[in-house]
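Q: This is the structure I have questions about; it appears just below.
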Amino acid sequence: MRPIYLIKDHDSFQRKIMLDMAWLSSHKQIRLPKYYLEDGIYLPYKSNNTSEIEKYFLTKDKILKEDTDHFFFKFPFKPEEVENAIQSY
């Protein structure tokens with residue numbers, strides 16, 4: 001499985017955060033350290049019926065559970081639907 005990154009857009013650049021691929025492949029959930037969660041962090045993906053890249057934002061209302069160090073989010077995509085970077089800049 002190839003690495004999958006979350007993206008955070010800043011003024012003129014993008015910050016990429018690699019997901020814990022071992023956790024993702026075995027639990028089908030995104031495990032994100034709490035200190036990485038901030039407004040505007042998203043997972044870029046292509047939906048099946050369009051070739052346009054969309055953004056799945058990780059927000060507090062999408063948290064499934066948490067422990068002392070991590071938030072856990074649903075991963076509602078197939079790995080091949082996820083894009084590694086936004087091309088339109």
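Please treat every number below as a calculation from the coordinates, not as lab data. The structure displayed is predicted, hence computed values, not measured ones. Don't worry about glycine lacking a Cβ; one is built from the backbone with ideal geometry, like all the others, and counts go over all protein chains shown.
Q: Determine, for 68, 59, the number of other Cβ atoms within 10 Å of each Cβ, and report the residues in order from fewest to most. Don't skip to the answer; put the middle values down first.
A: Numbers: 68 5, 59 13.
In order of increasing Cβ crowding within 10 Å: 68, 59.
Q: Just want the ordering: 10, 70, from fewest to most Cβ atoms lying within 10 Å of their own Cβ. Before the final figure, lay out the partial values.
A: On the way: 10 8, 70 18.
By the 10 Å Cβ count, ascending, the order reads 10, 70.
Q: If you don't mind, there's one more thing I want to ask. Taking the Cβ of residue 21 as the center, what net charge do the other residues with Cβ under 11 Å away carry, scoring Lys and Arg +1 and Asp and Glu -1? Before the final figure, lay out the partial values.
A: On the way: positive: 2, 31; negative: 20.
Around residue 21, the surrounding residues sum to +1.
Q: Among 25, 68, 43, which residue has its Cα positioned farthest towards the positive end of the charge dipole of the range 21-71, with +1 placed on the Cβ of Lys and Arg, -1 on the Cβ of Asp and Glu, and the dipole taken about the Cα centre?
A: Positive-end residue among those listed: 25.
Q: Over the residues of the chain, compute the C-alpha Rg and express it relative to 2.2 N^0.38 Å. Kindly include the intermediate steps, with their values, before the conclusion.
A: Details: Rg = 12.7 Å, N = 89, 2.2 N^0.38 = 12.1 Å.
Against the compact-globule rule of thumb, the ratio is 1.05.
Q: Can you compute the charge dipole magnitude of the range 5-81 about its Cα centre, using +1 on each Lys and Arg Cβ and -1 on each Asp and Glu Cβ, nothing else charged? Give it in debye, rounded to the nearest 20. Kindly include the intermediate steps, with their values, before the conclusion.
A: On the way: 13 positive and 13 negative charges, 41 e Å.
Charge dipole of the range 5-81: 200 debye, to the nearest 20.
Q: Which trypsin sites (Lys or Arg not before Pro) from the range 1-71 combine a DSSP loop assignment with at most 13 other Cβ atoms within 10 Å?
A: Passing sites in the range 1-71 are 28.
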